[in-house]
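Each remark here refers to the structure printed beneath this line.
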Amino acid sequence: MEAIQITCMIVDDEPMAVNLVESYVEKTPYLKLKKKCNSAIEAMQYLNTEKVDLLFLDIQMPDLTGLEFSKMLPKQSRVIFTTAFDQYALEGFKVEALDYLLKPFDYAEFLTASNKALEYFSLVRGKASTTVVSEEKEFLFVKSEYKQLRIKLADVLYFEGLKDYIKIWLKDNPKPILTLMSLKSLEEELPGSHFMRVHRSFIVSLKYVEVIERSQIIINKQRITVSEQYKPQFIEYISNNSLNS
């Protein structure tokens, strides 16, 4: 298999922090440093003409913060945040950062975060045949860990969205199958008579819904909230299939 290479840039207003991350990048074979910037404004100007896969991005910077800048990035660029302030962790994950490094971090921590980027871009660059649903809608093929797996739809309990990935939870299988795909694109392919989107992060198999309790459903002991956006459709389904309707 051809080795993956990830182009990256460092954006930080502290020269010592830039130098440290640069030294870590040089130790990591699959990372290729394209640019070092001392501000988000400078990085934005560079990205107007050049493409970069991954940004090691400080959060607290003058004029434009890393969080603000991350929302303006091209779709193909991903972020690992670097900051001295742990209160930004939740916000970092809300903008779908691949990881969050709290300063001061060592090379082992940097490598763990970079390996997440390696896994992500490995999946992205092989995603042309990531998921194929059969014409009969009885099974789907998903790409997981460089293998094509045949998944029977009848065995699917629910699909759980996680950033750009989907976890496929199956009956009689304690561990999910992880594949690169969005819930939105999968939802368009699944038979609507058997599966329903009930939350921005969940599509459930209707036949495995065991209990409905207030705004939650229970499937295989897992509680899944039915969000307000999808509640009318779910209530209609319940009403149409209730003996008391």
Give the calculated FRET efficiency between Lys71 and Gln229 to the nearest 0.05, with a Förster radius of 25 Å applied to their Cβ-Cβ distance. 0.70
Projecting the Cα atoms of Asn173, Gly192, Phe159 onto the charge dipole of segment 133-193, where Lys and Arg contribute +1 and Asp and Glu -1 at Cβ, the residue farthest towards the positive end is Asn173
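Ranking request for peptides 171-178, 186-193, 14-21: highest mean number of other beta-carbon atoms within 10 Å first, then the rest in descending order. Show your work: numbers first, answer last.
Numbers: 171-178: 12.0, 186-193: 14.0, 14-21: 15.8.
So the peptides 171-178, 186-193, 14-21, ranked by packing, come out 14-21, 186-193, 171-178.
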Using a Förster distance of 35 Å, how high is the FRET efficiency between Ala154 and Arg125, based on the Cβ-Cβ distance and rounded to 0.05? 0.65
Full extension from Glu14 to Ile212: what is 0.36 nm times the residue separation minus their Cα-Cα distance, to one decimal in nm? 66.0 nm
Using alpha carbons only, how many degrees (0 to 90, rounded to 10) separate the axis of helix 15-27 from the longest principal axis of the chain? 70
Which lysines have a Cα less than 28 Å from the Cα of Lys147, not counting those fewer than 8 places away in the same chain? Lys32, Lys75, Lys116, Lys127, Lys137, Lys163, Lys167, Lys171, Lys175, Lys184
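Can you order the peptides 201-209, 138-146 by their average number of other Cβ atoms within 10 Å per residue, highest first? Walk me through the numbers on the way to the answer.
Numbers: 201-209: 19.3, 138-146: 15.8.
Most protected by this proxy first, the peptides run 201-209, 138-146.
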By average Cβ neighbour count within 10 Å, what is the ranking of 73-81, 154-162, 27-35 from highest down? 154-162, 73-81, 27-35
Please report the net charge: other residues with Cβ closer than 14 Å to the Cβ of Val52, K and R +1, D and E -1. +4
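No lab work stands behind these numbers, since they all come straight from the coordinates. None of the values given here were measured: they were computed from a predicted structure. No Cβ is skipped: glycine too gets one built from the backbone with ideal geometry, and neighbour counts run over all protein chains shown.
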